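To start, the structure under review is shown below, and the notes come after it.
Since every read-out is calculated from the coordinates, none of them should be taken as a lab result. Being a predicted model, the structure only gives us computed values, none of them experimental. Don't worry about glycine lacking a Cβ; one is built from the backbone with ideal geometry, like all the others, and counts go over all protein chains shown.
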Amino acid sequence: RMMAIADIFEALTAVDRPYKKGKTLSDAIRIMGLMQQEQHIDGELFALFLRSGVYLEYAARYMPAALIDEVDIRPYLA
C-alpha cells in the first residue's frame, strides 16, 4: 500500500512522460488527497507520507524547481 502511494506520487510529478506534463507539488498532493477521501489509497499511510516529509525530499531531488510550490498538508492530516 505504501508502494502504491509512492508510485502514484512519482507518476503525477514525473516530467519525462511523453503523454502528460508533470504536476506541481501542490497539485499532486491535492489529487492524492482526493484519492484518500475516495478510499483509493490508505489514509494512514498517506498521512505518514506527508508527515515524514519524504514528498519534499523527493521533490528536491527529482522535480524541476518550477514545479515545487507551497503545500499545506494540514487538510490532509485531519
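Given charges of +1 on the Cβ of Lys and Arg and -1 on the Cβ of Asp and Glu, with all other atoms neutral, how large is the dipole of the chain about its Cα centre, in debye to the nearest 20? Don't skip to the end; give the middle numbers.
Details: 9 positive and 11 negative charges, 29 e Å.
Dipole size: approximately 140 debye.
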Exercise for the section: Work out from phi, with θ = phi - 60° and the Karplus expression 6.51 cos²θ - 1.76 cosθ + 1.60, the ³J(HN,Hα) of each residue of region 28-41, listed in order in whole Hz, and give x for Gly and Pro. Expected result: 4, 5, 4, 4, 5, x, 5, 5, 5, 4, 8, 6, 8, 10
Fill in the blank from the handout: Honestly the chain on the Cα gyration tensor test (a ≥ b ≥ c root eigenvalues; a/c under 1.5 rounded, otherwise a/b vs b/c for prolate or oblate) is just prolate
Completion exercise
Amide H neighbours of ILE41 at under 5 Å, excluding residues fewer than 5 places away on the same chain, with H built from the backbone geometry, are GLN36
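Taking only C-alpha pairs under 8 Å that are 6+ residues apart, what is the relative contact order of the chain in percent? All intermediate terms of the calculation are to be shown ahead of the outcome.
Working: 60 pairs, mean separation 27.6, N = 78.
Relative contact order, the chain: 35 percent.
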Problem - GluC sites (Glu not before Pro) within the chain, DSSP loop, no more than 11 other Cβ atoms inside 10 Å - result: GLU38, GLU70
Exercise for the section: Name the shape class, rounded, prolate or oblate, that the alpha-carbon gyration tensor gives for region 39-78, where a ≥ b ≥ c are the square roots of its eigenvalues, rounded holds for a/c under 1.5, and otherwise prolate holds if a/b is larger than b/c and oblate otherwise. Expected result: prolate
Handout entry: Which of TYR76, TYR19, ILE8, positive extreme of dipole for the chain (C-beta unit charges)
Key = TYR19
